[in-house]
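The values are calculated or read from the model by the stated rules, or taken from the named source; none is laboratory data. Because the structure is predicted, anything quoted here is derived from the model rather than measured. Here the Cβ positions follow ideal geometry from the backbone for every residue, glycine too, while neighbour counts run over all protein chains shown. In case anyone asks, the SASA skips ligands and DNA or RNA and just uses the protein heavy atoms, side chains included. Shrake-Rupley method; radii C 1.70, N 1.55, O 1.52, S 1.80 Å.
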Amino acid sequence: MRIESVAIIGAGTMGNGIAYATALGGYRVTLYDVAPEFVQRGIERIHQNLAEGVARKKLDAAAADDAKERIHATCELAAAAQCDLIIEAAPEQLELKRQLFGQLDAHAPASAIFASNTSSLSISVMASATQRADRFVGLHFFNPAHLMPLVEIVRGDATSAETVNAAAAFVARLKKTAVLCKDTPAFIVNRVARPFYGEALRLLGEGAADAATLDALMESIGFKMGPFRLMDLIGLDVNFAVTQSVYNAFFQDPKYRPHPIQRQMVESGWLGRKTGRGFYSYE
Amino acid sequence: MKILLVGVNALSEPLAAMCERGGHAVARWETEKFLAARTIPPHEIFIEVETTALEKKRAVLERAAEDALLFLCALNASVTVAASWVQNPARVVGFGALPPLAANGTIELARGLQTAEPSWERAQNFWRALGQNVVAVADSAGLARARIVCCIINEAFSALQEKIASAHDIDVALKLGVNYPQGPFAWGDLIGLDTVLGVMEGLYAEWRDDRYRPAPLLRHYALARQVPVRS
């Protein structure tokens, strides 16, 4: 299965980051979103990130120009579907994604591989909305996708070995590192990393130490950012949503139980850096 | 000062070296030998690092000299609970650290309900004199860092047991996906899986909460000893 052209469905934060990496990997990219202004914003973001890469001497100017040339924008789903690989980066709503994949399935060439950038939904369930569950795979990029080196390749229950191999070859051409994961709730990273936040919140709730002390402790053993500084960066709403989704996906296994502190802060609008107030104040 | 250090884990050797550099005379004992010895050498400070089985920890602590300042490794039991096993619990202070232990690193200290103020002050001065940054945390099994890190390692073992990915890929994913200084399996090897299991069992005993149940595969590897983690 040779991949030359790639469609990215959704031009938001994840979508434009993936489009950036894909274009730099030498693929022809079609960036799709529902409205022209959304696609345009995504394209502008890619241009900004490319310019930044050149300014920081991470990219040479010619490579950045070539990447720009390779990206095309569209608001026609049927046109976007005419690619060898279609990566969906739409909002994390199962019904929306299933509908999108159903429509894409009707328009895309039979040989095209479908991929979802979901971080929390089942690949197998999404694949069941199409006639190509064997050519359906998860490609979970991490935010910011234009910089983060990891991609989780998620093998659905019906995904073929050829599809996994094609996905691995694609990730390698983006100069990113792939890890292979079974289709289970939260995959690898979002699951195994849960206690970093969950236990830190419990310690805070127990009054074991304050947030700054706990952050300093974790940083003292090599974490780049302590759990509270990191939650402030990610956004408490985003982190709380992931925690709840993992907790529910595992049928309320207490290992993944969210903490009342999270909900209280989210409902108070203390979401972290983006609102000026989280575990720390940024005003 | 004469220090008696009992127990062998990934912390014992660097701890002994750190104390010696600080000008102390350190006698190191392996747990079984210490428990079997007819007489134990005189000491002013007793450091316990038996982080596997609680009954061994208890037997070790019961043999400490009655007037020595007693540091117990609070990775697998809370200070108050472990101090309740010894004579004169007022001189007991808990500490927590994870390998690699840096010369100018950070040590967590916790006082039990029984810990007396002079012991607490002496304890802080002792570690500061060894170049450690002292951070006081509340008394609970595992203290802060080991609790968080060992829960991550435990979760990695539960993911491996379900064969969601290889051990290698899980390590790579956590290093590259969330910038962890080490992958959970590499870190588990460094800490010692018997100690990681000890931390989980300590947390489980303390909270009686299923969230701390040790992954069966973690227990298997801890008991199998020296068997490299396979996928």
> Say we look at segment A:235-281 and pick out the residues that are within 14 Å of chain B (Cβ to nearest Cβ) and open to solvent by 70 Å² or more (accessible area, probe 1.4 Å); which of these is nearest to A:Phe196 (Cα to Cα)?
Replying inline: A:Arg257
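Test A:Lys224 against the stated conditions and say whether it is among the basic types (Lys, Arg), in contact (Cβ under 8 Å) with a residue 24 or more places away in the chain and either in a loop (DSSP other than H, G, I, E, B) or surrounded by fewer than 20 Cβ atoms within 10 Å (Cβ to Cβ) (or both). Even if it seems obvious, please write down each step before you answer.
On the way: among the basic types (Lys, Arg): yes; in contact (Cβ under 8 Å) with a residue 24 or more places away in the chain: no; either in a loop (DSSP other than H, G, I, E, B) or surrounded by fewer than 20 Cβ atoms within 10 Å (Cβ to Cβ) (or both): yes.
So A:Lys224 does not fit the description; no.
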>> Out of B:Asp169, B:Asp210, I need the residue that is open to solvent by 10 Å² or more (accessible area, probe 1.4 Å), facing chain A (nearest Cβ under 9 Å), at pLDDT 95 or above and in contact with a helix residue (DSSP H, G or I) (Cβ under 8 Å, 6 or more places away or on another chain). Which one?
In response: B:Asp210
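Report whether or not A:Ala166 is within 17 Å of A:Gly25 (Cβ to Cβ) and open to solvent by less than 20 Å² (accessible area, probe 1.4 Å). Step through it out loud before you land on a result.
Values: within 17 Å of A:Gly25 (Cβ to Cβ): yes; open to solvent by less than 20 Å² (accessible area, probe 1.4 Å): yes.
It is true that A:Ala166 is within 17 Å of A:Gly25 (Cβ to Cβ) and open to solvent by less than 20 Å² (accessible area, probe 1.4 Å).
Could you tell me whether any residue of segment B:117-127 is within 13 Å of chain A (Cβ to nearest Cβ), modelled with pLDDT of 95 or more and farther than 19 Å from B:Lys57 by Cβ?
Initial filter on segment B:117-127 (within 13 Å of chain A (Cβ to nearest Cβ)): none.
Checking segment B:117-127: not a single residue is within 13 Å of chain A (Cβ to nearest Cβ), modelled with pLDDT of 95 or more and farther than 19 Å from B:Lys57 by Cβ.
Do we find that B:Glu32 is farther than 16 Å from B:Leu101 by Cα and out of contact with any helix residue (DSSP H, G or I) (no Cβ under 7 Å at 6 or more places or on another chain) in this structure? Spell out the reasoning first.
Values: farther than 16 Å from B:Leu101 by Cα: yes; out of contact with any helix residue (DSSP H, G or I) (no Cβ under 7 Å at 6 or more places or on another chain): yes.
For B:Glu32, the condition - farther than 16 Å from B:Leu101 by Cα and out of contact with any helix residue (DSSP H, G or I) (no Cβ under 7 Å at 6 or more places or on another chain) - is met.
Condition check ((1) of a type in the set (Gly, Ala, Ser); (2) touching a strand residue (DSSP E or B) at 6+ places or on another chain (Cβ under 6 Å); (3) assigned to a helix (DSSP H, G or I)) across all residues:
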{"residue": "A:Ile43", "(1), (2), (3)": "no, yes, yes"}
{"residue": "A:Glu52", "(1), (2), (3)": "no, no, yes"}
{"residue": "A:Asp66", "(1), (2), (3)": "no, no, yes"}
{"residue": "A:Glu69", "(1), (2), (3)": "no, no, yes"}
{"residue": "A:His72", "(1), (2), (3)": "no, yes, no"}
{"residue": "A:Glu95", "(1), (2), (3)": "no, no, yes"}
{"residue": "A:Ala110", "(1), (2), (3)": "yes, no, no"}
{"residue": "A:Phe114", "(1), (2), (3)": "no, yes, no"}
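Quick one: which of A:Val164, A:Val154 is outside any helix (DSSP H, G or I) and in the same structural domain as A:Thr30 (by TED's automatic domain parsing)?
A:Val154
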>> Just to be sure I understand the filter: pairs with C-beta atoms under 6 Å, separated by 6 or more residues or on different chains, first member in segment A:243-262 and assigned by TED's automatic domain parsing to the domain that holds A:Gly207, second member β-branched (Val, Ile, Thr). Which pairs pass?
In response: A:Tyr256/A:Val246; A:Pro258/A:Thr243
> So which pairs qualify, if the first residue must be in segment A:159-176 and in contact (Cβ under 8 Å) with a residue 60 or more places away in the chain, the second must be basic (Lys, Arg), the Cβ gap must be under 7 Å, and the two must be at least 6 apart or on different chains?
Replying inline: A:Thr163/A:Arg135
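Assess whether B:Gly183 counts as being closer than 24 Å to A:Leu139 by Cα and open to solvent by less than 30 Å² (accessible area, probe 1.4 Å).
Numbers: closer than 24 Å to A:Leu139 by Cα: yes; open to solvent by less than 30 Å² (accessible area, probe 1.4 Å): yes.
In short, yes.
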>> I need a count of the residues in segment A:28-41 that are open to solvent by 20 Å² or more (accessible area, probe 1.4 Å) and in a helix (DSSP H, G or I).
In response: 5
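Residues are listed down the side, and each one gets a yes or a no for (1) over 16 Å from the mean Cα position of the chain (by Cα); (2) assigned to a helix (DSSP H, G or I):
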site: B:Gln114; (1), (2): yes, no
site: B:Phe126; (1), (2): yes, yes
site: B:Val149; (1), (2): no, yes
site: B:Ile153; (1), (2): no, yes
site: B:Ala165; (1), (2): yes, no
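Inside segment B:146-176, can you point out the residues that are at positive phi and among the β-branched types (Val, Ile, Thr)? Write out each step before concluding.
Of all residues in segment B:146-176, those at positive phi come to B:163.
None; the set is empty.
Identify, from the list B:Gly188, B:Gly202, the residue that is out of contact with any Lys or Arg (no Cβ under 8 Å at 6 or more places or on another chain), more than 13 Å from every other protein chain (Cβ to nearest Cβ) and under 18 Å from B:Thr52 (Cβ atoms).
B:Gly202
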>> I need the full set of residues from segment A:23-62 which are over 21 Å from A:Leu100 (Cα atoms) and either touching a helix residue (DSSP H, G or I) at 6+ places or on another chain (Cβ under 6 Å) or of a type in the set (S, T, N, Q) (or both), in order please.
In response: A:Ala23, A:Leu24, A:Gly25, A:Arg28, A:Arg45, A:Ile46, A:Gln48, A:Asn49, A:Leu50, A:Val54, A:Leu59, A:Ala61
>> Anything in segment B:87-115 that is more than 11 Å from chain A (Cβ to nearest Cβ), surrounded by fewer than 21 Cβ atoms within 10 Å (Cβ to Cβ) and more than 19 Å from A:Ala208 (Cα to Cα)? List them, or say none.
In response: B:Gln87, B:Asn88, B:Pro89, B:Ala90, B:Ala103
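Of the residues A:Asp134, A:Asp105, A:Asp84, which is closer than 18 Å to A:Leu180 by Cα, at pLDDT 95 or above, open to solvent by 20 Å² or more (accessible area, probe 1.4 Å) and of a type in the set (D, E, K, R)?
Numbers: A:Asp105 fails: closer than 18 Å to A:Leu180 by Cα; A:Asp84 fails: closer than 18 Å to A:Leu180 by Cα.
None of the others qualify; the one that does is A:Asp134.
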